[in-house]
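The values are calculated or read from the model by the stated rules, or taken from the named source; none is laboratory data. Bear in mind that the values here come from a model prediction, so they are computed numbers and not experimental data. Neighbour counts run over all protein chains shown; Cβ positions are idealised from the backbone, glycine included.
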Amino acid sequence: MRTHKLTISIVLLTALIGLSIACSKRSNDDTIAKDIQDKVAADPDTKDSQVNVAAKDGKVTLTGKVKTPAAQRKVEQIATAEPGQTGVDDQTAVQPDLMPAAAQAPAVEKPKPEPIVVPAGTALTVRMGQALSSKTSQSGQTFLATLAQPVSVDGRTAIPAGATASGTVVTAKEKGKFKGEGELSIALTSVTVKGHTYTIQTSSLDSTSKGKGKRTAATTGGGAAGGALIGGLAGGGKGAGIGALVGAGAGLLGGAMTGNKQIEIPAESALTFRLSAPLTLPPPAD
């Protein structure tokens with residue numbers, strides 16, 4: 001009986017000693033891991049690293065991310081120099097994206113597309129959608145036209161051919177009602193591009209008829225280089241064709257003199273106006 005009790009005592013004592021040793025080792029491992037972790041966080045070369053430290057039976061395992069190979073070596077040196085460690089297993093990975101923003105190369109932003117600016121003086125050649133006359137048209141009357149030629153800026157099409165334009169009759173006076181003169185003046189007021197309508201300002205195209213077959217023509221707001229509505233009478237007889245003044249070399253179709261010397265612009269006539277103010281359009285879609 002006494003022998004049996006002695007055996008039990010020895011077993012219990014052995015278990016207690018083993019438990020004490022295990023607790024001591026676990027406590028020592030925790031101390032090692034925490035000490036290394038604190039040193040890594042405090043060191044200026046490794047403080048930006050994201051390192052996890054674990055220890056078991058004195059063996060240290062390092063995991064996580066460091067910003068440079070130099071920082072990786074420094075972390076391993078700190079762990080190797082730790083008292084009580086029995087080995088170091090470095091499993092950290094180098095991740096350059098952990099570098100401070102100031103040290104990283106700046107991101108290259110894609111430049112934003114610039115709007116298209118059609119400069120003042122640009123010619124807009126349109127084809128009239130309806131006939132106008134100094135006899136039948138009225139001041140303030142609107143008319144429609146389509147762009148006969150595309151308008152390009154720096155090699156890019158700003159306004160395509162076929163775009164709808166609208167205009168207004170600035171002045172319309174039948175011959176004989178005002179000092180025997182017939183007058184007709186028109187200008188464009190807007191253009192529609194890709195479904196969006198933009199207000200524009202152009203020089204007006206003016207023509208005056210007076211006397212026997214005499215006619216003068218001028219362009220306001222843009223000078224002679226702005227193009228003209230109707231040129232001088234070619235010949236002077238009834239039904240004679242009217243030559244068009246040419247702006248910047250563009251040939252234009254003018255009106256025709258009627259028997260009673262009224263000024264008329266037939267439908268489908270090609271007329272050239274010039275912008276008197278820049279037109280800003282959105283950047284082209286990619």
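Among the candidates Ala158, Ala93, Ala145, the residue that is at pLDDT 95 or above and either closer than 30 Å to Val60 by Cβ or not assigned by TED's automatic domain parsing to the domain that holds Ala54 (or both) is uniquely Ala145. Out of the residues in segment 51-88 meeting the condition of being touching a residue at least 40 places away in the same chain (Cβ under 8 Å) and hydrophobic (A, V, I, L, M, F, W, C), tell me which one is nearest to Ala33 (Cα to Cα). Ranking the qualifying residues of segment 51-88, first place goes to Ala79. Contact map, segment 137-152: first residue more than 26 Å from Glu183 (Cα to Cα), second residue among the β-branched types (Val, Ile, Thr) and surrounded by 15 or more Cβ atoms within 10 Å (Cβ to Cβ), Cβ cut-off under 8 Å, separation 6 or more or different chains; pairs are Gln149/Thr125; Pro150/Ile159; Val151/Val118; Val151/Thr122; Val151/Ile159.
Residues in segment 58-72 that are under 12 Å from Asp90 (Cβ atoms) and exposed (fewer than 14 other Cβ atoms within 10 Å of the Cβ): Pro69 alone. Please work out if Ala70 is assigned to a strand (DSSP E or B), more than 12 Å from Val40 (Cβ to Cβ) and not polar (S, T, N, Q). No; evaluated as a whole, the condition is false for this residue.
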